[in-house]
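Visitor: Handing you a structure now.
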Amino acid sequence: MSAIRLLVLGAVRRHGRAHGYQVRNDLEFWGAHEWSNAKPGSIYHALKQMAKQDLLHAYEIAPSTAGGPPRTEYEVTEKGEAEYFALLREALTTYDQKMDVLSAGIGFIVDLPRAEVVELLRQRVRALDEWRSAVTEYYTPEGGPEQLGHIGEIMHFWIHSADAGKEWTLGLIERIEAGAYSFEGEGGEPFRGVLAEGEENPYSTGGPDPEFE
C-alpha cells in the first residue's frame, strides 16, 4: 500500500474540492514531505491517476481575470470515498505497514467513529502479537541475538519493533478511550489542519506549481 493515495484522497476530502497546489500545501503543512513520498511530482501524478480511475472527479476551472492557465479542481467521488476508508482502515490495522502509511492513517483517524478506531487499533495489537509469536518460533529473545550469529540481530530488531509498536498502539488506545480528540459523529469539530485558500504555509518548501509549468 502506498501512503500517497491515502494522503491525497484525505487532503482533497477535507477541502470538499481542492486544486493540486492546495493539496501540496496541506501535505507540506503536515510535514508529509519529510516522512513520506508526498513530493510535488508524486502528488500531481496521484491526482491525475486517481481521476482516471474515477476516485476523483476533475473540474477545469476558468483562469482568473489576471490571466494564466486554468486550474483543475478535484473532488472525491463515491468510489473514491470507499477507497479512502478502505485504505484508512488498512493503514490502522496492518502490523507491517511502512512508517509513512501508518503515519497517514493516524493523521486521518478522526474521520472514523471513536469505537471503530479503538477496534482497528486492537486488531493491530493482535497482529503484532501474532507476528512476534511467529518470530520467536525461530528465535528466543532471552538468548540474545548471538545465538543465531549476526543474522540474529535481524530477529532481535523485529522483536524490538513488535514490542515498541504494541506499546505505542496501546498508549494511543488508552488516550482515545479516555476521551482524547473529537471523532466522527460526536458533534464536535474534529481538527482538520487544512490551510484556507491563500493562507501562508510556514512549512512550504517553495518551488513552482507543476500544474502551471
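Visitor: For ARG17, ARG132, which order do you get if you count the other beta carbons within 10 Å of each Cβ and list the fewest first? Display every interim value, and only then the final one.
Guide: On the way: ARG17 15, ARG132 18.
Listed from fewest to most nearby Cβ atoms, that is ARG17, ARG132.
Visitor: Now for a separate question. Region 70-151: Rg/Rh from Cα coordinates, Kirkwood Rh?
Guide: Value, to two decimals: 1.20.
Visitor: What's the exposure ranking of VAL12, VAL118, going from fewest to most Cβ atoms within 10 Å?
Guide: VAL118, VAL12
Visitor: For THR72, list long-range residues whose amide hydrogen, built 1.01 Å from N in the peptide plane, is under 5 Å from its own amide hydrogen.
Guide: Distant-sequence amide H within range of THR72: GLY20, ILE61.
Visitor: Taking the beta-carbon count within 10 Å as an exposure proxy, list PHE183, PHE108 from fewest neighbours to most.
Guide: Going from sparsest to densest Cβ surroundings: PHE183, PHE108.
Visitor: In Å, what is the Rg of the alpha-carbon atoms in region 1-81, and how long is Dmax?
Guide: That works out to 12.4, 42 Å for Rg and Dmax.
Visitor: Order the peptides 1-8, 119-126 from the highest to the lowest mean number of other Cβ atoms within 10 Å of their residues.
Guide: Answer by packing, highest mean first, reads 1-8, 119-126.
Visitor: Follow-up. Rounded to whole Hz and in sequence order, give me ³J(HN,Hα) for region 124-141 from the Karplus expression 6.51 cos²θ - 1.76 cosθ + 1.60, θ = phi - 60°, writing x for Gly and Pro.
Guide: The phi angles translate into 5, 4, 4, 5, 5, 4, 5, 5, 4, 4, 5, 5, 6, 5, 10, 9, 9, x Hz.
Visitor: Using only Cα atoms, figure out Rg for region 105-183 and give it as a multiple of 2.2 N^0.38 Å.
Guide: Ratio of Cα Rg to 2.2 N^0.38 Å: 1.37.
No value in this document is a laboratory result; all are computed from the given coordinates. The structure presented is a predicted model; accordingly, all values stated were derived computationally and were not measured. Using ideal geometry, Cβ is built from the backbone for each residue, glycine included, and neighbour counts are taken over all protein chains shown.
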